[in-house]
Amino acid sequence: MSKNNRVGAWYSLRRTLPLWSFEENLKELISKLPEYKVDELIVKVDTEEFSHGQISLDWLKAYQPKLLKVKTEMGKLGIVYSLNPWITHGHRDQGRNAGTQLPGIITVVGADGMECSCCACSLSGVWRRNTVEAWKIYAETKPQVMWVEDDIRTFNHGPVSFGCFCELHMRHFSNLVGQKISREQLVSAITAPGEPHPWRKLFLDMQGQIMINTVSMLAKTVHAVSPETCMGLMSSGPENHCLEGRKWHEFANALADGRPLYSRPPMGNYSESNLRDLSYCPHSIKVTRYCMPEHSIEQTEVENFAFTQYSKSSIITFLQMAISFAYGSPAVTMNLFDHMGTSMELIQSYGKMLADKKPFLNTLAQYMLNEGRFKGVRLLHDEKSSYCKKLPEKACYRELTEDGGSGALAVERLGIANDFNASSVTFAFGQTIRAYPDETIKSMLSKGIFLDAVAAGVLIERGFAGEIGVESIEKPQRLYSIGPFSAEEYFNPKFGGYDKKFMTMLWGRDLNPSVSKIRLMPGTEIISALVDADAQRQNPMFFSFENALGGRVVITVLETTDAAGGFFNPYRLEQFHNIVVWLSRGKPDLLVKPENGAYPMCWRKDCSNYTIAGVFNLSLDPWDKTVFTMEFDRIPRTIKRLNPSGRWSLLNNLTCNLDGGLLRIEYTETVDFHEPLVLMLS
Ligand SMILES: [Zn+2]
């Protein structure tokens with residue numbers, strides 16, 4: 001990625017130059033990219049609306065000189081040339097029929113039997129031969145990075161949701177088990193309720209291995225022609241890749257093929273809805289980073305489908321870029337302009353934003369890229385989640401996806417710094433903890449752990465009832481099927497509560513969230529409870545327990561996959577912050593609370609000479625006071641703030657207290673959504 005080994009905010013624009021507007025588009029790129037401060041051009045080929053489906057080799061051969069011309073022109077400007085074929089298997093059919101182009105091609109067949117007309121199965125010999133020849137032509141242009149799209153997967157090949165269960169896949173599987181198996185038999189075994197059927201593992205292993213072989217084929221093809229080219233991988237969120245048995249390290253190493261590997265985590269939010277949805281962005285960066293080999297080079301994916309301000313404003317586009325650099329990515333890929341040949345200057349605000357914001361993003365990137373450690377509570381992800389997930393009766397294939405995602409986003413939206421690496425406090429949502437061995441669970445239980453109802457149920461199954469203070473817990477069910485409850489009373493003063501401090505239960509699906517009935521052991525302490533219409537306390541809602549391993553546990557009877565809407569409120573933030581303080585024995589890594597506002601999303605990184613603590617305001621209302629609470633061994637000598645100009649300015653008027661290793665900083669200038677508040681403590 002390096003251009004003169006410069007460290008800063010690297011901009012990579014992804015752009016298509018269709019045949020009919022090639023010269024105009026190229027001319028505009030030559031004149032505008034330096035103005036937009038773009039460092040790298042990733043040329044997309046045969047893209048979106050005007051894709052031919054499976055690519056024609058004659059068409060591509062004829063297009064190749066144009067790629068070489070782009071590369072030459074970019075070289076003159078010092079802009080790196082990379083390449084992004086729009087498909088491998090294909091994203092979606094779009095009415096194309098691959099069979100007319102490539103007779104004998106086998107297309108994807110879904111778990112439900114639906115068949116793609118254009119998206120190809122990775123076992124199809126016809127597809128493999130065509131793809132190898134096409135990738136040779138691409139590789140002859142010797143791009144810096146050859147990007148593999150996230151259609152390198154076995155789900156979301158529109159119109160097919162999950163598969164492949166084509167004749168080739170079924171033959172492969174039948175050979176594995178030594179008998180002829182039908183798709184219906186296999187799908188019903190994979191999605192059987194309760195303890196996973198042994199065929200599930202066999203199928204996930206088989207699928208995972210086929211995909212490893214497929215990416216190896218792509219990398220070997222490219223490297224035979226252009227050994228210096230690096231491969232890049234766009235992915236679709238590790239929670240989803242669980243259901244196709246992806247083994248990340250083997251998969252990534254096969255694709256890297258001995259060269260540095262690039263990684264493009266999705267930032268979601270392809271079109272704009274509301275600010276709080278940006279909480280997905282850092283989550284995706286962190287969980288994808290956790291899965292990839294350590295030295296992978298990240299270039300996040302910021303995309304504004306369908307490529308005008310009607311889909312996404314330049315402000316939201318900027319915020320996604322700022323999130324990328326704040327959470328430690330060195331580069332952003334930008335899919336901002338359409339692929340039909342329209343001038344980039346149709347949307348002038350994007351180019352202007354890119355240029356205007358570069359100084360700010362450069363400094364942010366520089367300081368976040370230095371050697372150091374991100375800190376926060378630990379969230380869980382495991383690539384084996386779909387292997388061990390227990391499904392209910394009549395489950396569909398989709399339910400194999402790793403759960404607990406909305407719990408993780410709740411932590412992100414409540415001003416709690418978090419990460420996927422080891423920490424003294426773990427937050428476990430859903431069934432993911434099933435994938436961890438007893439020893440690891442025991443170690444988590446000997447520190448601080450937060451469990452939702454589902455995770456608590458898994459630990460009881462695994463024999464840890466005594467360590468979490470719960471005799472029994474039922475599966476979550478809809479609240480009003482248990483009783484006519486009114487609200488949650490958050491009353492325990494040790495955790496920041498008081499009598500009649502109520503939070504609504506009118507949230508979740510049909511305003512009827514899922515909770516579990518529970519029987520507690522002696523020694524548990526109730527933090528909040530469900531109350532009836534007379535405000536009488538009935539069932540525990542959140543409670544704490546200290547176990548014989550020396551660990552601290554907090555459990556909610558909520559199924560946090562429901563967390564949305566009214567779940568979030570100022571008291572919820574206080575409740576979660578107090579829980580983190582207790583679980584961490586008074587040493588939280590970072591909690592951020594807007595005194596009069598909502599949705600703080602924060603991060604912390606400790607480097608050798610400084611600590612960065614920052615926060616995004618994910619609401620439209622500005623905050624007039626922002627409080628940072630964090631474990632720190634002293635009062636910082638200086639605290640500086642990153643200005644919009646990209647310079648640090650000293651803050652002299654901060655209220656700053658240190659009490660028992662806990663630092664509290666009160667920032668009283670306005671913080672609004674336009675840019676993050678970034679503090680450097682040294
Ligand atoms: Zn297949």
(request) Determine if segment 95-105 includes at least one residue that is closer than 29 Å to Ala62 by Cα and under 26 Å from the mean Cα position of the chain (by Cα). (result) no
(request) Collect the residues in segment 273-286 that are surrounded by fewer than 22 Cβ atoms within 10 Å (Cβ to Cβ) and modelled with pLDDT of 95 or more, keeping them in residue-number order. (result) Leu275, Arg276, Asp277, Tyr280
(request) Taking the options Gly597, Gly614, Gly523, Gly550, name whichever one is touching a strand residue (DSSP E or B) at 6+ places or on another chain (Cβ under 9 Å) and closer than 27 Å to Thr440 by Cα. (result) Gly523
(request) Take the residues in segment 491-505 that are under 32 Å from the mean Cα position of the chain (by Cα) and part of a loop (DSSP other than H, G, I, E, B), then tell me which one is surrounded by the most Cβ atoms within 10 Å (Cβ to Cβ). (result) Met505
(request) Working carefully through the options Leu409, Leu364, Leu414, Leu379, find the one that is under 24 Å from Pro644 (Cα atoms) and either free of Cβ contacts under 8 Å to residues at least 24 places away in the same chain or buried (at least 20 other Cβ atoms within 10 Å of the Cβ) (or both). (result) Leu364
(request) For Ile152, work out the one condition from (1) under 16 Å from His241 (Cβ atoms); (2) over 25 Å from the mean Cα position of the chain (by Cα) it doesn't fulfil. (result) (2)
(request) Could you pull out every one of the helices (runs of 4 or more DSSP H) wholly within segment 400-490 that has 3 or more residues that are assigned by TED's automatic domain parsing to the domain that holds Leu573 and touching a strand residue (DSSP E or B) at 6+ places or on another chain (Cβ under 8 Å)? (result) 405-413, 453-461, 465-468
(message) If I filter segment 287-324 down to residues being aliphatic (A, V, I, L, M) and part of a strand (DSSP E or B), which single residue comes out as surrounded by the fewest Cβ atoms within 10 Å (Cβ to Cβ)?
(response) Ile297
(request) Being in contact with a Gly (Cβ under 8 Å, 6 or more places away or on another chain), of a type in the set (D, E, K, R) and over 15 Å from Ala428 (Cα atoms) is the filter here, so list the residues in segment 384-409 that pass it. (result) Lys390
(request) For Leu186, indicate whether it is modelled with pLDDT of 95 or more and within 16 Å of the ligand (Cβ to nearest atom). (result) yes
(message) All but one of (1) over 25 Å from the mean Cα position of the chain (by Cα); (2) in contact (Cβ under 8 Å) with a residue 40 or more places away in the chain; (3) more than 14 Å from the ligand (Cβ to nearest atom); (4) in a loop (DSSP other than H, G, I, E, B) hold for Val222; state the number of the condition that does not hold.
(response) (4)
(message) Could you tell me how many of the residues in segment 133-172 are buried (at least 21 other Cβ atoms within 10 Å of the Cβ), in a helix (DSSP H, G or I) and within 13 Å of the ligand (Cβ to nearest atom)?
(response) 1
(message) Give all pairs with beta carbons closer than 7 Å in which a residue from segment 614-634 that is in contact (Cβ under 8 Å) with a residue 24 or more places away in the chain and under 18 Å from Phe374 (Cβ atoms) meets a residue that is in a strand (DSSP E or B) and among the small types (Gly, Ala, Ser); count only pairs at least 6 apart in sequence or on separate chains.
(response) Phe628/Ala613; Met630/Ala613
(message) Quick check on my filter: what residues within segment 546-599 are charged (D, E, K, R), at pLDDT below 95 and buried (at least 17 other Cβ atoms within 10 Å of the Cβ)?
(response) Glu559, Asp562
(message) Restricting to segment 655-680, give me the number of residues that are over 21 Å from Asn362 (Cβ atoms) and not in a loop (DSSP other than H, G, I, E, B).
(response) 12
(request) State all residues of segment 623-654 that are farther than 22 Å from Ala365 by Cβ and either of a type in the set (D, E, K, R) or at pLDDT below 95 (or both); if no residue qualifies, say none. (result) Asp624, Lys625, Glu631, Asp633, Arg634, Arg637, Asn652, Asn653, Leu654
(message) If I ask for residues that are in contact (Cβ under 8 Å) with a residue 40 or more places away in the chain and under 16 Å from Trp20 (Cα atoms), which ones from segment 44-63 would you list?
(response) Lys44, Val45, Asp46, Thr47, Glu48, Glu49, Phe50, Ser51, His52, Leu60, Tyr63
(request) Scan segment 85-132 for residues that are away from the ligand (no atom under 13 Å from the Cβ), farther than 25 Å from Arg398 by Cα and in a loop (DSSP other than H, G, I, E, B) and jot them down. (result) Trp86, Arg96, Asn97, Leu102, Pro103, Gly104
(message) So in segment 106-132, with the set limited to residues that are crowded, with 19+ Cβ neighbours inside 10 Å and of a type in the set (A, V, I, L, M), which one is farthest from the chain's Cα centre (by Cα)?
(response) Ile106
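The values are calculated or read from the model by the stated rules, or taken from the named source; none is laboratory data. The structure displayed is predicted, hence computed values, not measured ones. Here the Cβ is made from the backbone with ideal geometry for all residues, glycine too, and neighbour counts use every protein chain on show.
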